[in-house]
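What follows is one structure encoded as C-alpha cells, with my remarks underneath.
The values are calculated or read from the model by the stated rules, or taken from the named source; none is laboratory data. Every value quoted in this text rests on a predicted model; they were computed, and no experiment measured them. Every residue, glycine among them, receives a Cβ derived from its backbone with ideal geometry; neighbour counts consider all protein chains shown.
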Amino acid sequence: MQQRLLEKIQQFKKKRKAVILAHNYQPGQIQDLADFCGDSLGLSIKASQTDAEVIVFCGVRFMAETAAILSPEKTVLLPEKYAGCPMADMITAEQLRQLKAQHPGAVVVCYVNSTAEVKAESDYCCTSANAVEVVKSLPANGEIIFVPDRHLGRFAADRTGRNIILWPGYCASHVVITEEDIKTAKAKYPDAVIMAHPECTEPVKALCDKLLSTGQMLRYAGQNKHGRFIVATETGIIHALQKQNPQAEFIAASERAICPNMKKITLEKIFWSLEDMQHKVTVDEPIRTKARKAIDRMVEILPTE
Ligand code: SF4
C-alpha cells in the first residue's frame, strides 16, 4: 500500500517537474522520500537554487513562504495548509512597527521563523545556524531588535556581547525540554555529548556541551561517528542523525519535544498536493520585495561552524 503511494508520488513528481524539500523535524518517512532535507538555512538556499518548476515544501508555512519569496516564478506547495508555526505567530508586523517606533534607528534582526509581513519590516533575517554571525556583522554601537524568539536572541547576545532588545516569543516544542530532563539523561549516559538547539531555555543550554542548529548537529555528529549523543531539540532530527551515523547512538533529551505542526505532513498529503497542485503559497509583491532584502542578507552571511 505504502509502496504504491510512494510510486504515485514519484510519478506525479516527474509529471509536475517538482522537487520535494523536507525539514529535519519532518517524520522519518518524509525525510526518506525528500530530494533534500535540511535546516531552514539549507532549505532556503536549495529553494533559491533549484531549477524545478514546483517546490513541495514539507515543513511549516513560514518555510514555504520563504521559498516563495526567493523563487516567485516557481509554484510552492505546502501539503498541509494548516501547518503553521506558533512562534512565528507570536509577533505581528504591527507589533514590530510599534517596537521600531520606540527604538528609532535600531537594526531589526528577525529569525526566519516569522511571517513574510514581519520579515518585510526587518533589516536582516537569520536562522539558528547564523544568528551569531548576523549580529556580529552589525555596527558595534547601534541598537539591535531581535524577534520573535527570545531564546535564540539571548544566545546571539551572549555569544556576541551585544545588548539586544528581545521580543518575548518562544518555541513551545523546545521550552518543553527541562533542566531535569538534561540532568536525568546526563546521569544515565555520563559519557554522552549533549547537543542543544539555541531555541531551548537558558538553564537547559547552560547544562549542555554544544549549542547547534540541526544542520550543525548533523555535521558535528558526522565528525564523531562512534559517539553517544543526547539531543535537545525536536525529536525528528534523531532520524536524520541515526541514518547518517548508524554506529553512533542518539538519545532524545525529551520525548515530549515534538512539533505537532511539523507532523501534520503525511505521504497522502504530499500525493494530493502534487495531484491537485495544492496548497499554493504566495506572497504579495510589495511584501515579497521588502522581505527578500532581509532574506538575501541571511543567505549571504554563512555560519562559521
Ligand atoms: S519546532 Fe517550534 S519553531 Fe519550529 S516550526 Fe515547530 S513551533 Fe515553530
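If you check G169, G215 for being surrounded by 17 or more Cβ atoms within 10 Å (Cβ to Cβ), within 16 Å of the chain's Cα centre (by Cα) and at pLDDT 95 or above, only one passes: G169. No other residue among K119, K81 is of a type in the set (K, R) and crowded, with 21+ Cβ neighbours inside 10 Å apart from K119. Quick one: in the stretch 226-261, of everything that is of a type in the set (D, E, K, R) and under 15 Å from T178 (Cα atoms), which residue is nearest to the ligand (Cβ to nearest atom)? Residue satisfying both the conditions and the ranking: E234.
Return the residues of the stretch 131-143 that are over 21 Å from the mean Cα position of the chain (by Cα) and either aliphatic (A, V, I, L, M) or within 15 Å of the ligand (Cβ to nearest atom) (or both); say none if nothing qualifies. L138, A140 - these are the residues of the stretch 131-143 that are over 21 Å from the mean Cα position of the chain (by Cα) and either aliphatic (A, V, I, L, M) or within 15 Å of the ligand (Cβ to nearest atom) (or both).
If you check A253 against the conditions, is it more than 30 Å from A187 (Cα to Cα), modelled with pLDDT of 95 or more and either touching a Lys or Arg at 6+ places or on another chain (Cβ under 9 Å) or surrounded by 17 or more Cβ atoms within 10 Å (Cβ to Cβ) (or both)? So A253 does not fit the description; no. Taking the criterion of being over 22 Å from the mean Cα position of the chain (by Cα) and surrounded by 18 or more Cβ atoms within 10 Å (Cβ to Cβ), the residues of the stretch 2-33 that qualify are I9, F12, K13, R16. Residues being free of Cβ contacts under 8 Å to residues at least 24 places away in the same chain and part of a helix (DSSP H, G or I) are entirely absent from the stretch 223-231. For the list (1) crowded, with 18+ Cβ neighbours inside 10 Å; (2) more than 19 Å from the chain's Cα centre (by Cα), I need the number of the one condition that H174 fails. With (1) crowded, with 18+ Cβ neighbours inside 10 Å; (2) more than 19 Å from the chain's Cα centre (by Cα) applied to H174, the lone miss is (2).
Of the candidates A221, A257, A240, the single residue that is of a type in the set (A, V, I, L, M) and in contact with a Cys (Cβ under 8 Å, 6 or more places away or on another chain) is A240.
Let's see how each residue does on (1) of a type in the set (F, W, Y); (2) more than 16 Å from the ligand (Cβ to nearest atom):
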{"residue": "I145", "(1), (2)": "no, yes"}
{"residue": "P148", "(1), (2)": "no, no"}
{"residue": "F155", "(1), (2)": "yes, no"}
{"residue": "I164", "(1), (2)": "no, yes"}
{"residue": "A172", "(1), (2)": "no, no"}
{"residue": "V176", "(1), (2)": "no, no"}
{"residue": "D181", "(1), (2)": "no, yes"}
{"residue": "E199", "(1), (2)": "no, no"}
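In the stretch 262-278, the qualifying residues are those that are surrounded by fewer than 20 Cβ atoms within 10 Å (Cβ to Cβ) and either within 16 Å of the ligand (Cβ to nearest atom) or under 20 Å from the mean Cα position of the chain (by Cα) (or both), and the one that is farthest from E180 (Cα to Cα) is T266. I'd like to know if the stretch 123-130 contains one or more residues that are away from the ligand (no atom under 16 Å from the Cβ), part of a helix (DSSP H, G or I) and touching a helix residue (DSSP H, G or I) at 6+ places or on another chain (Cβ under 6 Å). No, the stretch 123-130 has no match at all. Set side by side, the residues T289, T235, T282 differ, and just one is buried (at least 17 other Cβ atoms within 10 Å of the Cβ) and among the β-branched types (V, I, T), which is T235.
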